[in-house]
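Okay, so here's the structure we're looking at.
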Amino acid sequence: MTTSARETGSRDNAMSPVPAAPGPAWLDRYDVVVLGGGPAGATTAALLAERGHRVAVLERSAFPRFHVGESLIPETYGTLKRLGLIEKLRQSAFPKKYSVQFVSESGKESRPFYFDEHVPAESSQTWQVWREQFDQMLLDAAIERGAIVQTQVQAVAALFDGDRVIGVRARRRNDSSETFTLRCRVLVDATGQSTFLASRLGLKQPDARLRMASVWSYFRGAHRGSGKDEGATIILQTPGKKSWFWYIPLPDDIVSVGCTGRLDYLFGDEGLSAAQVFERELGRCPALERRLAGATRERDYLVTRDFSYRTGQGAGPGWVLVGDALGFIDPVYSSGVFLALKSGEMAADAIDSALRTGDLSAKGLGGWQPRFAEGVDRFRRLVYAFYDPQFSFGRFLRQFPQHGARLADILRGRVFEPEIEKMFRDMES
Ligand SMILES: Cc1cc2nc3c(=O)[nH]c(=O)nc-3n(C[C@H](O)[C@H](O)[C@H](O)COP(=O)(O)OP(=O)(O)OC[C@H]3O[C@@H](n4cnc5c(N)ncnc54)[C@H](O)[C@@H]3O)c2cc1C
């Protein structure tokens, strides 16, 4: 545990008269305080408020806010339905996504994996979303169900009584000096890559096999497929599997295009700008050059790096981690938002019963996490295979055609079925 966390621990417990809360709607004590209003936090808050618990969400940014991660996968359907959002998504301008397609390092284009070929259900179609709008929809769902949401409020310290979390200290972002305290029975950390609690408690474990970086931007007028392929995600690898690009069609003729590769490879040449790195990799990917011919870039290049990690412990007395605050693997299979929604949903169900029984222990709040971790691990092993220069999915499927359906299952997000292990036995032998 870091010094600051200890400081905010017992001393705060003893003193804090509950302070100037930031508005008349505020209580000083909640059943649940959720830190972060992204997909994981909004889902947890919505489902708990719906069951009558007193829930507050503290979100650092002004909403709507920009976020990378536009491609959904079909298994988001269940949680989105529970949140009442399927009809809104159907009526949105978000492109419908029916498939994902891979282009190999030699430029060979795979047949698209159409999700409805294996599961012919309406849930097999998903969407490519602007995260500003999608995340706002989720947060609105939390507000509609009774959660109190305060944006531009940043959590600065967790309050401990011994090893039990009993609240949080926060500040308004436009007022750096004044802090206030909220007490709660359960603190949910949904702060994404900021990993508020895991960083303070020393629980963050970077994944040494996935020290990656991404550089990306948004292009207008790039190639778009037709019919069912118009909203397809395309993953294009470069020679030697040194990097790969995502290609995600968005509304208004925009495509999100990003390059991911090992940090030391992508940014190893000191002095290269993000634009130069992107251009260098684009030059190694003729299948992408063709798709971008004639397109114009709509904004500056963005960069993020070193984003893959897990946490040694996902829950403790009075606290639980969800979404990226619990861990993040890699963007290649677009699993992040699905895992954020799913963990938010599983956590909400666990917290609901924990609040009713009074068992606010690590087990009471995080009993869902071992099963969740198994699913995450299946994505992770498929990510390792993707980056392995010796491994080829084409070759694997030619050798083991019976695993095609299982691979498609993972690509749509069905990672919690133990059946899938059979595929890994052949893949990893
Ligand atoms: C390069 C890249 C590409 C990606 N592409 C995809 C994709 O195509 N599809 C996909 O599904 N996923 C993708 N992801 C992952 C996806 O974006 C995340 O997994 C997802 O946003 C996680 O949701 P979350 O709610 O856990 O966190 P976030 O969406 O990050 O939300 C966390 C929120 O917490 C707030 N916050 C942080 N600190 C504090 C604090 N101290 N106090 C209060 N609030 C705080 C932040 O402002 C933020 O709004 C990608 C990730 C990367 C790095």
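The values are calculated or read from the model by the stated rules, or taken from the named source; none is laboratory data. Only a predicted model underlies this, so the values are computations on that prediction, with no experimental measurement involved. FYI the Cβ positions are ideal-geometry reconstructions off the backbone, even for glycines, and counts take in every protein chain you see.
Before moving on, here are some points about what is shown:
- Candidate set from the range 73-90 (those that are among the charged types (D, E, K, R) and either within 26 Å of Gln101 (Cβ to Cβ) or assigned by TED's automatic domain parsing to the domain that holds Leu339 (or both)); member that is surrounded by the most Cβ atoms within 10 Å (Cβ to Cβ): Glu75
- Condition met for Ser256 (closer than 28 Å to Leu203 by Cα, among the polar types (S, T, N, Q) and out of contact with any Lys or Arg (no Cβ under 7 Å at 6 or more places or on another chain)): no
- Just so you know, in the range 393-408 the residues that are out of contact with any His (no Cβ under 7 Å at 6 or more places or on another chain) and surrounded by 15 or more Cβ atoms within 10 Å (Cβ to Cβ) include one that is modelled with the lowest pLDDT, and it is Phe393.
- Residue count for the range 402-429, restricted to those that are farther than 20 Å from Tyr77 by Cβ and small (Gly, Ala, Ser): 2
- In the range 202-269, counting only strands (runs of 3 or more DSSP E) that sit wholly within it, the ones holding 1 or more residues that are surrounded by fewer than 16 Cβ atoms within 10 Å (Cβ to Cβ) and touching a residue at least 60 places away in the same chain (Cβ under 8 Å) span 204-206, 212-220.
- Scanning the range 139-151 for residues that are part of a loop (DSSP other than H, G, I, E, B), surrounded by 17 or more Cβ atoms within 10 Å (Cβ to Cβ) and touching a strand residue (DSSP E or B) at 6+ places or on another chain (Cβ under 8 Å) yields one hit, Ala147.
- The single residue among Pro64, Pro74 that is over 27 Å from Gln152 (Cα atoms) and under 18 Å from the mean Cα position of the chain (by Cα) turns out to be Pro74.
- Looking only at the range 42-65, and only at residues there that are within 12 Å of the ligand (Cβ to nearest atom) and among the basic types (Lys, Arg), the one that is farthest from Ala141 (Cα to Cα): Arg60
- The residues listed here are Thr296, Thr311; of these, the one that is surrounded by 15 or more Cβ atoms within 10 Å (Cβ to Cβ) and either more than 14 Å from the ligand (Cβ to nearest atom) or under 20 Å from the mean Cα position of the chain (by Cα) (or both) is Thr311.
- Across the range 66-87, the qualifying residues are those that are within 21 Å of Gln193 (Cα to Cα) and in a loop (DSSP other than H, G, I, E, B), and the one among them that is nearest to the ligand (Cβ to nearest atom) is Gly69.
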